[in-house]
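Below: one structure, written as structure tokens.
Please treat every number below as a calculation from the coordinates, not as lab data. What you see is a predicted model; the values in this text were computed from it and never measured. Positions of Cβ are backbone-derived with ideal geometry, glycine not excepted, and every protein chain shown enters the neighbour counts.
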Amino acid sequence: MAKFVWKTKYHIGDQTIDEQHAYLFDLANSIVNSKDKPSLVNNMMKLYRYVREHFSHEEQLMKQLHYGEYNEHVAMHNTLIDQLSAVSDSIGQDCWQEEELKTFMNEWLLGHILKVDSQLGAFIRSRRAAD
């Protein structure tokens, strides 16, 4: 059962990023629905690789649009990568709890998209309206 459901209200206005965000929701569901440690580790690795790809794309777009909050946004990306790495390490060492993992995924995924990326979305929409 999906815990994370992508909704159109989460769209930021860039089709590629919106599609990537939707896929991140799918990956988050794969993680919280993992039945055993090997599948959880595999799903975390998929998420880690995809997040790095997604952040790279998002950062390129921010540079292209001369986004004023670029440095702060990239710093948040770096913090999220570090947090994801720490969670992955705790899973590898069997130091994780299922509910803690769900909470982390919820705060990490929804928190970043709904708060930080929504600001980027407002900027994208304003730039495109001005063009």
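The figures follow:
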{"item": "20 °C / 1.002 mPa s Stokes-Einstein diffusion coefficient of region 15-130, Kirkwood radius on C-alpha pairs, µm²/s", "result": "143"}
{"item": "Given charges at Cβ of Lys, Arg, Asp, Glu: the chain dipole, positive-most of Val87, Ser39, Tyr10", "result": "Tyr10"}
{"item": "Relative exposure of Ser90, Ser126, judged by other C-beta atoms within 10 Å (fewest first)", "result": "Ser126, Ser90"}
{"item": "Sequence-distant residues sharing a close amide H with Ile12 (under 5 Å, placed H)", "result": "Asp18"}
{"item": "Lysine pairs meeting the criterion (Cα under 21 Å, 8 or more apart or interchain), as found in the chain", "result": "15"}
{"item": "Listed residues Met44, Met105, Met76, most fluctuating in the chain (Gaussian network, C-alpha, under 10 Å)", "result": "Met76"}
{"item": "Summed residue charge, Cβ within 14 Å of Tyr70's Cβ, Lys/Arg positive, Asp/Glu negative", "result": "-3"}
{"item": "Proxy reagent accessibility, fewest Cβ within 10 Å first, across Val87, Val116", "result": "Val116, Val87"}
{"item": "Nearest-20 debye value, the chain charge dipole, Cβ charges on Lys, Arg, Asp, Glu", "result": "340"}
